[in-house]
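Let me begin by presenting the structure, written as structure tokens, before commenting on it.
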Amino acid sequence: MRPPSPSIPEKKFLYDALKQSLRLDGRDMLDFRTPTFTFGPELGWVECAMGKTRVIAQLDAKMVKPLPERPFEGIITIHSEISPMASPDYEPGRPSEEEVTLTRMLDKVLRRSDTIDKESLCILAGQRVWQLRLTIHVLADAGNILDCSCLAGIVAFKHFRKPEVEVIGDEVIVHSPSERAPISLAIHHTPFCVTFAFFPDALTRPVVDPSLLEQRLSSGLMSIAMNAQREICVLHKAGGVPTAPEEVLRLINVTSILVKDLDRRVEARLLEDWEGRKVEVR
């Protein structure tokens with residue numbers, strides 16, 4: 001059973017605060033919560049936290065037969081799971097509307113935008129390719145699980161290393177990490193997702209990275225996926241209040257600034273983790 005919607009005093013308090021450019025958690029209207037990353041012992045296991053929103057991303061690879069229509073390309077699949085542990089809003093069993101939307105957006109941002117070079121996943125044309133399976137587990141939903149999930153997913157791709165493979169004739173030999181150092185994935189670009197929430201009053205400016213209450217009381221959301229080179233990969237707005245073109249362009253400029261900062265943070269954290277790891281090759 002879904003929890004009751006926010007009360008009238010809660011709504012009034014939030015809307016009055018936003019009209020004065022104040023947010024309940026003390027952030028500015030265009031402040032993004034600082035993400036923190038925790039890496040597991042295995043390469044490709046990442047926990048991303050933005051405030052109290054927490055997501056785990058895990059990337060696995062296995063060898064499979066390629067699709068007949070794409071014999072030179074590897075396969076990338078993305079799955080998301082939101083359990084009742086994340087929030088009382090979600091029920092076990094069939095996927096909720098939020099879970100379906102999350103999976104579709106992750107597919108657009110991380111797979112269909114050609115983040116990974118699929119041809120580099122080919123081992124033996126028409127016979128053997130790598131299949132990458134990205135699984136997203138939402139541990140806690142305190143608002144804006146989409147941005148947190150996209151961030152965890154792209155960091156998992158950059159953190160992952162696949163085993164080195166040697167092909168002799170038709171024979172494929174997979175070398176363990178102790179024999180040969182594993183290889184990082186060929187990544188074309190790193191898109192990051194930034195979500196804005198709009199409110200019924202036209203005088204209230206949109207906020208970036210909405211909290212759970214802001215998300216519930218918003219009258220529309222717009223998500224922009226962009227890489228550090230200012231290339232827009234996805235711009236998604238599912239209904240809600242109409243938005244002027246000038247406002248969309250302003251939010252795109254805001255996104256470009258936030259994305260550069262996210263890219264810098266991710267690269268610094270990956271470098272820090274990699275320097276702390278011991279990869280022994282005998």
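Using only alpha carbon pairs under 8 Å that are at least six residues apart, calculate the relative contact order of segment 149-238 and give it in whole percent.
Values: 136 pairs, mean separation 19.2, N = 90.
Relative CO of segment 149-238 lands at 21 percent.
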Dipole axis of the chain (+1 Lys, Arg; -1 Asp, Glu on Cβ), positive-most option in M105, L212, F157: L212
Treating cross-link reach as a plain straight distance, find the lysines whose alpha-carbon is under 27 Å from the alpha-carbon of K108, omitting any fewer than eight places away in the same chain. K52, K62, K65, K118, K158, K162, K237, K260
Helix 145-159 versus the longest principal axis of the chain: what angle, 0 to 90°, nearest 10, using Cα atoms? 20
Once amide H atoms are built 1.01 Å from N in the peptide plane, which residues 5 or more positions from A142, or in another chain, come under 5 Å H to H? T53, R54
What residue among S149, S80, S219 shows peak mean-square fluctuation when the chain is described by a Gaussian network model with Cα springs under 10 Å? S219
Once the dipole of segment 10-110 is set up from charges on Cβ (+1 Lys and Arg, -1 Asp and Glu), the residue from the list V64, Y15, S87 lying farthest towards its positive end is Y15
Where in segment 148-183 does the label zone of E267 land, with the point 7 angstrom along Cα→C-beta and an amide N cut-off under 20 Å? 151-161
Keeping all protein chains in place, calculate the accessible area per residue for the chain (probe 1.4 angstrom), answer in Å². 52
Could you give the distance between the Cα centres of segment 49-77 and segment 144-194, to the whole Å? 9
Segment 3-43 shape via C-alpha gyration tensor axes, a/c threshold 1.5: oblate
About the Cα centre of segment 75-194, what is the dipole size in debye to 20, counting +1 per Lys and Arg Cβ and -1 per Asp and Glu Cβ, all else neutral? 240
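Using a 1.4 Å probe over the heavy atoms of the protein chains, calculate the carbon and sulfur portion of the accessible area of segment 1-80 as a whole percent. Please report the intermediate quantities before stating the final value.
Working: 2800 of 4850 Å².
Within segment 1-80, the accessible surface is 58 percent carbon and sulfur.
Given R₀ = 51 Å, FRET efficiency for S7-I168 by Cβ-Cβ distance, to 0.05? Walk me through the numbers on the way to the answer.
Values: r = 69 Å, r/R0 = 1.35.
Efficiency computed from Cβ-Cβ geometry: 0.15.
Counting only helical runs of four or more DSSP H residues, what would the 222 nm mean residue ellipticity of the chain come to if each run contributes -39,500 (n - 2.57) and the total is spread over all its residues?
Details: 5 runs with 74 residues, N = 282.
-8500 deg cm²/dmol, from helical runs alone.
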Pairing the Cα long axis of helix 8-19 with the longest principal axis of the chain, what angle in degrees results, from 0 to 90 and rounded to the nearest 10? 80
Local net charge near T195, Cβ-Cβ under 9 Å (Lys/Arg +1, Asp/Glu -1): -2
Leaving out ligands, DNA and RNA, and with a 1.4 Å probe, what % of the accessible surface on segment 145-271 is carbon or sulfur? 57
Given H placed on each backbone N at 1.01 Å, which residues far from V194 in sequence or on other chains put an amide H within less than 5 Å of it? I224, A225, M226
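The values are calculated or read from the model by the stated rules, or taken from the named source; none is laboratory data. From a predicted model like this one, the values you see are computed outputs, not experimental measurements. Don't worry about glycine lacking a Cβ; one is built from the backbone with ideal geometry, like all the others, and counts go over all protein chains shown. Each accessible area value is taken on the protein alone, full model and side chains, heavy atoms only, with ligands, DNA and RNA left out. Shrake-Rupley method; radii C 1.70, N 1.55, O 1.52, S 1.80 Å.
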